[in-house]
Amino acid sequence: MPTIEYKTDKQKKSFYNSRAWRKLRQQALERDNYECQWCKREGKVTVDSIKEEGKRKEIVLNVDHKYPIEHYPKLALILDNLETLCIYHHNVKEGRTIDKISRNKNKKKRWDDEWW
Ligand SMILES: [Zn+2]
């Protein structure tokens, strides 16, 4: 059997929709106690949000591949390669820090209009 690749968006999408991934993702969340593992290392607890009636559930936690499937397809379904991260830390890991995002959006941040 040839190694499955996850290079294109289509390949990734079908992976993330697969029953095998959903099952493993659930296992990772349970193993990690539904907590962001980076926040945990910083002594904070970040858990998933609770769905409110009539509202779309806010996504807080992500199950991340420590070694990205794009480069390590063989590790795609290895529990040890998974880690529960909050959106913030997921972005940090991907190099998309919140800071960077807001800086780009709002090139010059003004500090003189703080209210005291
Ligand atoms: Zn976190």
Review point. In the list Y16, Y67, which residue meets the criterion of being touching a Leu at 6+ places or on another chain (Cβ under 8 Å) and either open to solvent by 100 Å² or more (accessible area, probe 1.4 Å) or under 22 Å from G95 (Cα atoms) (or both)?
Key: Y67
**Study point:** Condition met for D80 (within 12 Å of A28 (Cβ to Cβ), open to solvent by 100 Å² or more (accessible area, probe 1.4 Å) and either in contact with an Asp or Glu (Cβ under 9 Å, 6 or more places away or on another chain) or modelled with pLDDT of 90 or more (or both))
**Key:** yes
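Keeping to region 34-47, report how many residues are closer than 19 Å to E58 by Cβ and surrounded by fewer than 17 Cβ atoms within 10 Å (Cβ to Cβ).
4
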Check your understanding: Do you know which of the residues in region 48-64 that are at pLDDT below 95 and either under 18 Å from N17 (Cα atoms) or β-branched (V, I, T) (or both) is surrounded by the most Cβ atoms within 10 Å (Cβ to Cβ)?
Key -> L61
Exercise for review: Just need a number here: residues in region 39-76 that are within 16 Å of the ligand (Cβ to nearest atom), more than 21 Å from L24 (Cα to Cα) and part of a loop (DSSP other than H, G, I, E, B).
Suggested key: 5
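The values are calculated or read from the model by the stated rules, or taken from the named source; none is laboratory data. Note that the structure is a prediction, hence the values are computed from the model and not measured. With ideal geometry, Cβ positions are generated from the backbone for all residues, glycine too; neighbour counts draw on all protein chains shown. The protein model used for the area step is the full one, side chains on, heavy atoms only, and it has no ligands, DNA or RNA in it. Shrake-Rupley method; radii C 1.70, N 1.55, O 1.52, S 1.80 Å.
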